[in-house]
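Enquirer: Structure below; questions to follow.
The values are calculated or read from the model by the stated rules, or taken from the named source; none is laboratory data. Nothing here was measured: the structure is a model prediction, and the numbers come from that model. Using ideal geometry, Cβ is built from the backbone for each residue, glycine included, and neighbour counts are taken over all protein chains shown.
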Amino acid sequence: MWRRILAFAIGEPPRASPPERVRALIDAQQVQSEILIGWVQFALIAFFVVLYVLAPKTSADTRFLPVPWVLAAFLIATCGRLIFAHRRMLGPVLLLAGVGIDMTMLMGLIWSFHLQYEQPAPFYLKAPTMLYVFIFIALRALRFEPLYVIATGVAAATGWLALLAYAALSGEMVVTRDFVRYMTSNSVLVGAEIDKVISILMVTGVLALGLVRARRILYRAVADSVLAHDLQRFVAPEVAERITTSDRELRPGDGEVRMASVIFTDIEGFSTISEKLRPEALTGLLNEYFAALAEVIDRHGGVITQFHGDAMLIAFNTIRADQSHAANAVRTALGIQELTLRRTYGNGVPMRTRCGINTGKIVSGAVGAKDRLLYTVHGDEVNIAARLEQLNKSYGTYVLASESTVLAAGDAFSFERMGEVMVRGRSAPTTVYAPAGIAGARASN
């Protein structure tokens, strides 16, 4: 029961302690917050100085003017704190010490009013400067750490009680229950002063409670942000954005049907290559290969939706809109051929790549189980692209495209009709084409 009440009051706790990199991001934000607090406080003290300069001082025969001295000390302390914040030297001890110094200075400024204006000690209890206590408490909320809000509030309440005690012990305090007299004289209404202390503590408590709730949300939000950033390294950025910005949780089967193009790629003789390399060398080789091809794919608007060993599935006009998807798919396949012809990977290993291109109505979306999803493209048209990639071995080519791709690509390319093949699962034969005039498009036998 108490756990439920606590969770209702301050929110659900994080499932686990945030990882170090999440804490590092939050700590960096806290440093920026401390700098912001310092500048706001500097502006506040500067405002105090302007008010003092513009306000009437006191009678001409006053020997000692404490307010400007207190303001000067307050300004110096604030500048020192700002310098420490910029140099990232404000640890917990210095922060708590700074809270104590801030409240001591503020209460000292309020206390000095009765000397400045030659009035009995209770005079300062009516000073409107007391309202700035709440600004100082609120400032600490910028750091998203309730400890410093609580420390500021407790210091403020303690300071005000100390001022009240000083006024009582001075022998000049006249206690009254008459509110009018309290407002029009130096008399003190004790209940009003206690109300101020209660208000300080209540504001402190509410802000601290809000910070505890916000801090838990902050940890989850930063963790989700880091997760989304990491997700972009495993899937296409467009897929990650689709997942993270979806109005509702994605479920198996969620997707859309579009007229699109796909390329299925595979490395020629990869089994032979892998047999000659150590696992770590093979991994580095593939990473270099995939990075090089990804630049070509991205340049023409393609999205890698799936890696499978040394193979890739590349989609056009699915996640990223592309009216010229078929032409861009052909450009990508030709770009891959040009790249793999002129460069090697690792320690001089050539890796020729076969491509199968197809165009048709393709489903893009989430597939898999409830708790284990893959965002990809699928359907019969994708299967044909995979089959065309395999048929390159039979025709001695590196790029094969279906008739639908050739028609959709337009007149920008020349194709050579290779023949008709029966694709498993289809009753009618599929006509296949190879781009004409590509240097090295034909496999060397």
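Enquirer: Could you check residue 150 against (1) closer than 23 Å to residue 37 by Cα; (2) in contact (Cβ under 8 Å) with a residue 60 or more places away in the chain and say which number it fails?
Expert: Residue 150 satisfies all of (1) closer than 23 Å to residue 37 by Cα; (2) in contact (Cβ under 8 Å) with a residue 60 or more places away in the chain except (2).
Enquirer: List the number of the failed condition for residue 109; all other conditions in (1) in contact (Cβ under 8 Å) with a residue 12 or more places away in the chain; (2) surrounded by fewer than 18 Cβ atoms within 10 Å (Cβ to Cβ); (3) not charged (D, E, K, R) hold.
Expert: Residue 109 satisfies every listed condition except (2).
Enquirer: Still on this structure: For segment 167-192, give me each residue that is assigned to a helix (DSSP H, G or I) and either buried (at least 18 other Cβ atoms within 10 Å of the Cβ) or at pLDDT 95 or above (or both). Let's see the steps before the verdict.
Expert: First, the residues of segment 167-192 that are assigned to a helix (DSSP H, G or I): 167-169, 179-184, 190-192.
Answer for segment 167-192, where residues must be assigned to a helix (DSSP H, G or I) and either buried (at least 18 other Cβ atoms within 10 Å of the Cβ) or at pLDDT 95 or above (or both): 167, 182.
Enquirer: Quick one: count up the residues across segment 374-405 that are touching a helix residue (DSSP H, G or I) at 6+ places or on another chain (Cβ under 9 Å) and not in a helix (DSSP H, G or I).
Expert: So the answer is 8.
Enquirer: Just give me the residues in segment 90-122 being in a helix (DSSP H, G or I) and among the hydroxyl-bearing types (Ser, Thr, Tyr), in sequence order.
Expert: Correct list: 104 only.
Enquirer: Scanning segment 274-304 for residues that are surrounded by 16 or more Cβ atoms within 10 Å (Cβ to Cβ) and of a type in the set (Ser, Thr, Tyr), which turns out farthest from the chain's Cα centre (by Cα)?
Expert: By that ranking, first place goes to 274.
Enquirer: Also: Check residue 255 against each of (1) surrounded by 16 or more Cβ atoms within 10 Å (Cβ to Cβ); (2) at pLDDT below 80; (3) not assigned by TED's automatic domain parsing to the domain that holds residue 389 and name the one condition it does not meet.
Expert: Looking at each condition in turn, residue 255 falls short on (3).
Enquirer: Among the residues of segment 305-321, what is the count of those that are in contact (Cβ under 8 Å) with a residue 24 or more places away in the chain and either farther than 20 Å from residue 267 by Cβ or buried (at least 20 other Cβ atoms within 10 Å of the Cβ) (or both)? Steps first, answer last, please.
Expert: Let us first name the residues in segment 305-321 that are in contact (Cβ under 8 Å) with a residue 24 or more places away in the chain, namely 305-306, 309-320.
Adding the requirement that they be either farther than 20 Å from residue 267 by Cβ or buried (at least 20 other Cβ atoms within 10 Å of the Cβ) (or both) leaves 305, 310, 312-320.
Selection size over segment 305-321: 11.
Enquirer: Please go through segment 393-433 and give me each residue that is closer than 15 Å to residue 358 by Cβ and touching a Phe, Trp or Tyr at 6+ places or on another chain (Cβ under 6 Å), ordered by number.
Expert: 401, 406, 415, 418, 433
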